[in-house]
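A quick write-up on the structure given underneath.
Where a number appears in this text, it was derived from the coordinates with a stated rule and is not lab data. Quick caveat: nothing in here was measured; it's all calculated off a predicted structure. No Cβ is skipped: glycine too gets one built from the backbone with ideal geometry, and neighbour counts run over all protein chains shown.
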Amino acid sequence: MKWEGNRESDNVEDRRGDDGGGGGGSPVFGGRSIGIGTIVIALLGGWVLGINPLTILGLLSGGGSPAQVQQHPGPAHRPPADDTMARFVGTVLADTEDVWGQVFSQGGGRYQEPRLVLFRGATPTACGTGQAAMGPFYCPADQKVYIDLGFYETLKNRLGAPGDFAQAYVIAHEVGHHVQNQLGISGKVDQMRGRVSKAEYNALSVRLELQADCFAGVWAHHAQNARQILEQGDVEEAMNAAAKIGDDALQRAQGGAVVPESFTHGTSAQRQRWFHNGLQNGSVKACDTFAARSL
């Protein structure tokens, strides 16, 4: 991926030097603060605890008490200039800002840029205490994307999805959740919690996650057209990452049966299909997973 020398975002907040945690309480993910990395805690929980990851996923995506807003104390810090990975993340975030700012503007709207928080271990969020084992996630209550950069080692070494564009896809997916929040889509899905069955809500969650994958493809489409960021093998890296984190792939990795009604993110093929759809079309309208008869 060609990113060196491109603009870095001013919306990156570095908490890695903090003591972590910043308050008690467990992570609250009753709303849409479940991101691409939710599956990582399921995987790690399965490995370490011997628990079926789908059981953990069910707990994470199930109903919970309302999140207590936890404000991060002290001023926000910028990452050090010599931190290559932080620079990469900041550059990808800036590129999503440029793309979505233009897309919203062309549609007569105004894009409100999210902040991206780098942390280690644990950090307070408006959705509860964020843990590194969750992987990257988006919290709609404070409009921030959270990531422990150690996740990328997990993505490469444990999930088998290496490459810088695979890493960019992860960020673009979480920004996709922010776009959904801006458009009011995730709020409408959250309103269905408790009004429909668990299986029906899981089905809505799958459509929400697949739309975020499609939005990641929309970003890549416009970024390529404007700045030619893609190098040979980049699309394959993102498609491989999408395949490795499909619900069915994760279930098979644990040696269990594939249980479609427990899916919350979609199959590998679905995740690949919707990312590719966004990449090919570059259109928000083409990402209407909720109107699609077939995913």
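Quick notes on this one:
- Taking helices (runs of 4 or more DSSP H) as the structural unit, those lying wholly within segment 172-262 and holding at least 2 residues that are over 27 Å from residue 110 (Cβ atoms) correspond to 198-227, 234-244, 247-253.
- Matching residues in segment 143-162 - criterion: being within 17 Å of the chain's Cα centre (by Cα) and surrounded by fewer than 20 Cβ atoms within 10 Å (Cβ to Cβ): 143, 149, 150, 153, 154, 156, 162
- Filtered by the rule that a residue be within 20 Å of the chain's Cα centre (by Cα) and among the aliphatic types (A, V, I, L, M), segment 77-110 gives 85, 86, 89, 92, 93, 94, 99, 103.
- Taken over segment 117-139, the residue count meeting the criterion of being part of a loop (DSSP other than H, G, I, E, B) and over 27 Å from residue 2 (Cβ atoms) is 4.
- Of residues in segment 80-116 being in contact with a Lys or Arg (Cβ under 8 Å, 6 or more places away or on another chain) and in a helix (DSSP H, G or I), the one surrounded by the fewest Cβ atoms within 10 Å (Cβ to Cβ): 104
- Within segment 2-19, residues that are of a type in the set (Ser, Thr, Tyr) reach partners that are part of a loop (DSSP other than H, G, I, E, B) with beta carbons closer than 9 Å, at six or more positions or on different chains, in the pairs 9/113.
- Among the residues of segment 195-220, just one is surrounded by fewer than 20 Cβ atoms within 10 Å (Cβ to Cβ) and over 16 Å from residue 264 (Cα atoms), namely 195.
- Check on residue 272, closer than 23 Å to residue 145 by Cβ, free of Cβ contacts under 8 Å to residues at least 40 places away in the same chain and assigned to a helix (DSSP H, G or I): yes
- Residue count for segment 248-269 under the criterion of being without any contact (Cβ under 8 Å) to a residue 40 or more places away in the chain and either surrounded by fewer than 19 Cβ atoms within 10 Å (Cβ to Cβ) or not polar (S, T, N, Q) (or both): the result is 8.
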